[in-house]
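Structure record follows, encoded as structure tokens.
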Amino acid sequence: MQDLYMTAMVQIPLMIREGKTTKCRTPSDIAAICADMRDMSQESMQVVILDSKNNIITRQMITLGLLDASLIHPREVFRAAIQHNGAALMMVHNHPSGDTSPSVEDIRITKQMVEAGRILGIRVLDHVIMGRPDNNNEKGFMSMRESGIVNFAV
């Protein structure tokens, strides 16, 4: 009898490979680099991997989710940083609604990733939520570091 269950292996491809000369120092820098995420119709979690001088090594999509949710785990978030010898990373995800307010789950996941990074020796510098500019948020993004919602100095 043939096996009725098959497992499909899917690898999310490398999105962008930046040159070592691109610096990423501020949430505005990361928002400019990831501006293409603003108009996505599904949530996407991406990481920007940095060297010890905050030069961008690579940007990778970690997950592509649903309209309003993505599943993520530390092993996927830190895999790219480990593979590329990254010293730090910035997490970036979009809200298709355009509202950059973090959900309770966004905050929980960010705290979990900061702690996992501490254990691995890979700093999580920020988690930026991409949305669209409006009257309440002219920038069109929100930095959890700048807002003080999460302590990144663990």
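Things worth noting here:
- The Cβ shell under 15 Å around ASP39 holds other residues with a net charge of -2, Lys and Arg each +1, Asp and Glu each -1.
- Rg and Dmax over the alpha-carbon atoms of segment 20-147 stand at 13.5, 41 Å.
- Backbone HN-Hα couplings from phi across segment 36-49 [Karplus 6.51/-1.76/1.60, Hz, Gly and Pro as x]: 5, 7, 4, 9, 5, 8, 10, 5, 9, 9, 10, 10, 10, 8
- Distance between the modelled labels on GLU115 and ARG75, one decimal in nanometres: 1.9 nm (7 Å Cα→Cβ projection).
Just so you know, all these numbers are worked out from the coordinates, no wet-lab data involved. Please read these numbers as outputs of a predicted model, since none were measured by experiment. Glycine gets a Cβ as well: all are built from the backbone with ideal geometry, and neighbour counts include every protein chain shown.
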